[in-house]
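Trainee: I have a structure here, written as structure tokens, and I will follow up with some questions on it.
Read the figures in this text as sums done on the coordinates, not as results from a lab. What you see is a predicted model, and the numbers here were worked out from it, not measured in a lab. Every residue, glycine among them, receives a Cβ derived from its backbone with ideal geometry; neighbour counts consider all protein chains shown.
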Amino acid sequence: MYLSVFWAAAWYLTALMYPNLLYFELLGFLALFTEALLGLPQLLKNAKAQSTAGLSPYMVWGWTIGDSMKTIYFAVKGQPLQFVAGGILQTTIDLLIMAQVYLYPKKTVQEEL
């Protein structure tokens, strides 16, 4: 229900703001910033638990490699600064999570419960 109302409100606002370039720049920035922060809840959860039990290092390496390559592509292709900045933020969060994987003592998932 919430997502339906949110989607309808966003669609209506976007239709109203159609000719406003500033609105679309802000919308794009917020979308990129939101995507760049996707790993933040995992980073904070790991820090609170002082553990990365159940988190695959291979998955985190995949995130890191993918986000790094995307950031390099954006920079080389001369994409707008918000793309490069978002990629740098995303890659930084990935690297912090990877550091947690190797720094925190290994606990099993059962020990965390």
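Trainee: Could you work out how far the C-alpha centroid of the stretch 72-91 sits from that of the stretch 31-60, in angstrom?
Mentor: That distance is 20 Å.
Trainee: Out of ALA47, TYR12, GLY66, whose Cα points farthest toward the positive end of the dipole of the chain (charges: +1 Lys, Arg; -1 Asp, Glu; placed on Cβ)?
Mentor: ALA47
Trainee: Using only the alpha-carbon atoms, how far is helix 81-103 inclined from the longest principal axis of the chain? Give it as 0 to 90 degrees, nearest 10.
Mentor: 10 degrees
Trainee: Additional query: Computed FRET efficiency, Cβ-Cβ of TRP61 and LEU26, R0 25 Å: what is it to the nearest 0.05?
Mentor: Rounded to the nearest 0.05, the efficiency is 0.15.
Trainee: Using 0.36 nm per residue of separation minus the Cα-Cα distance, give me the extension gain between SER68 and LEU3 in nm, one decimal.
Mentor: Contour length minus the Cα-Cα distance gives 20.3 nm.
Trainee: While we're here: Which lysines have a Cα lying under 27 Å from the Cα of LYS106, excluding residues fewer than 8 positions away in the same chain?
Mentor: Those lysines meeting the cut-off are LYS45, LYS48.
Trainee: Please give me the summed charge of the neighbours of PRO41: other residues whose Cβ is under 14 Å from its Cβ, Lys and Arg +1, Asp and Glu -1.
Mentor: 0
Trainee: Let me ask you something else. With +1 on each Lys and Arg Cβ and -1 on each Asp and Glu Cβ, how big is the dipole of the stretch 2-106 about its Cα centre, in debye rounded to the nearest 20?
Mentor: 260 debye
Trainee: Can I ask one more? First select every other residue whose beta carbon is under 13 angstrom from the beta carbon of MET59; then total the charges, Lys and Arg +1, Asp and Glu -1.
Mentor: Taking every Cβ under 13 Å from that of MET59, the sum is -2.
Trainee: Just one of (i) 55; (ii) 42; (iii) 50 is percent of Cα pairs over 22 Å apart calculated from these coordinates, so which is it?
Mentor: (iii)
Trainee: Compute the acute angle (0 to 90°) between the alpha-carbon long axis of helix 2-16 and the principal axis of greatest extent of the alpha-carbon atoms of the chain; round to the nearest 10°.
Mentor: That helix lies at roughly 40 degrees to the long axis.
Trainee: What is the extension gain from GLU35 to VAL76, computed as 0.36 nm multiplied by their sequence separation minus the C-alpha to C-alpha distance, in nm to one decimal?
Mentor: Full extension of this stretch gives 12.7 nm more.
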